[in-house]
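This report refers to the structure that appears directly beneath it.
The values are calculated or read from the model by the stated rules, or taken from the named source; none is laboratory data. Quantities reported herein were computed from a predicted structural model and do not represent experimental measurements. Cβ coordinates were reconstructed from backbone atoms using ideal geometry, including for glycine residues, and neighbour counts include every protein chain displayed.
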Amino acid sequence: MDRYVHHELRSVITASAVVAVCVPITVSVHGGPVSSTGVPLFVAALIAFVALCTLAQATRIKWIGRVPDFESAVPLDRPPAGPSLLRHPLNPWLFAVMGAGTLGAALAWDRMAALFPLWPALVWLGQAGLAADWERRTGRTLWRGHDPERPWLLSATDSNRQRWTARVTN
């Protein structure tokens with residue numbers, strides 16, 4: 001099992017690593033990925049897209065909002081042991097798939113494609129922020145993977161109980 005916030009942050013780190021690998025390769029083959037006149041437009045579009053996605057996910061709209069998923073998380077008695085974000089900061093499968101697709105598109109189609117992983121990375125960062133805010137407000141911690149057949153389903157543990165148990169055992 002994996003903590004939901006850590007899963008989202010691991011995806012952000014992986015997408016950032018893909019950009020860090022693909023941009024230098026694209027620059028060495030085709031030149032800079034974005035012209036100097038295109039940078040403000042790219043940044044403005046990126047910020048607007050991420051802001052809209054994060055605001056939509058903060059709602060209770062069916063199939064879009066993440067809050068109902070957080071609230072319907074299956075309760076767990078104790079926090080599961082899972083891989084730490086510090087020990088496993090990169091998702092190797094996501095890196096391989098995203099890296100191959102991004103590099104192929106950047107070299108064969110358009111050099112701007114080297115920056116495409118920034119879009120999902122910032123969306124995932126927004127999801128991690130939403131989950132962290134929800135965890136702080138409710139005092140619960142979200143986990144992924146309690147059901148091996150449906151690993152996307154969320155479960156939750158009581159954060160206050162975890163802190164109390166840690167104080168008693170130490």
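Number of residues in the stretch 54-83 that are surrounded by 12 or more Cβ atoms within 10 Å (Cβ to Cβ) and either among the acidic types (Asp, Glu) or touching a Pro at 6+ places or on another chain (Cβ under 8 Å) (or both): the value is 2.
State whether the residues of the stretch 21-43 include one that is under 16 Å from the mean Cα position of the chain (by Cα) and buried (at least 16 other Cβ atoms within 10 Å of the Cβ). Looking through the stretch 21-43, none of the residues is under 16 Å from the mean Cα position of the chain (by Cα) and buried (at least 16 other Cβ atoms within 10 Å of the Cβ).
Does ALA17 satisfy being in contact with a Phe, Trp or Tyr (Cβ under 9 Å, 6 or more places away or on another chain) and part of a helix (DSSP H, G or I)? So ALA17 fits the description; yes.
Screening MET112 on (1) farther than 27 Å from ALA44 by Cβ; (2) modelled with pLDDT under 85 shows it passes everything except condition (1). Scanning for something among the hydrophobic types (A, V, I, L, M, F, W, C), surrounded by fewer than 18 Cβ atoms within 10 Å (Cβ to Cβ) and under 30 Å from ALA73 (Cα atoms), does the stretch 130-139 turn up at least one residue? So far as the stretch 130-139 goes, yes, one or more of its residues are among the hydrophobic types (A, V, I, L, M, F, W, C), surrounded by fewer than 18 Cβ atoms within 10 Å (Cβ to Cβ) and under 30 Å from ALA73 (Cα atoms).
I'm checking my understanding of the structure. Among residues of the stretch 146-163 that are of a type in the set (D, E, K, R) and modelled with pLDDT of 75 or more, which one is nearest to ASP77 (Cα to Cα)? Please lay out each step first, then the result.
Going through the stretch 146-163, the residues of a type in the set (D, E, K, R) turn out to be 147, 149-150, 158, 161, 163.
Keeping just the survivors that are modelled with pLDDT of 75 or more gives 149-150, 158.
Numbers: GLU149: 20, ARG150: 20, ASP158: 8 Å.
Checked the stretch 146-163; the qualifying residue nearest to ASP77 (Cα to Cα) is ASP158.
The single residue among THR37, THR59, THR102 that is of a type in the set (Ser, Thr, Tyr) and under 23 Å from SER155 (Cβ atoms) turns out to be THR59. For the stretch 7-25, filtering for residues that are modelled with pLDDT of 90 or more and closer than 27 Å to LEU130 by Cβ leaves 13. ALA96 meets all of the listed conditions (1) surrounded by 13 or more Cβ atoms within 10 Å (Cβ to Cβ); (2) at pLDDT 85 or above; (3) among the aliphatic types (A, V, I, L, M) but one, namely (1). If you go through the stretch 26-49 and pick out every residue that is at pLDDT below 90 and either in a helix (DSSP H, G or I) or of a type in the set (A, V, I, L, M) (or both), you end up with 16.
The lone criterion from (1) touching a Ser or Thr at 6+ places or on another chain (Cβ under 9 Å); (2) closer than 30 Å to SER159 by Cα; (3) hydrophobic (A, V, I, L, M, F, W, C); (4) at pLDDT below 90 left unmet by LEU107 is number (2).
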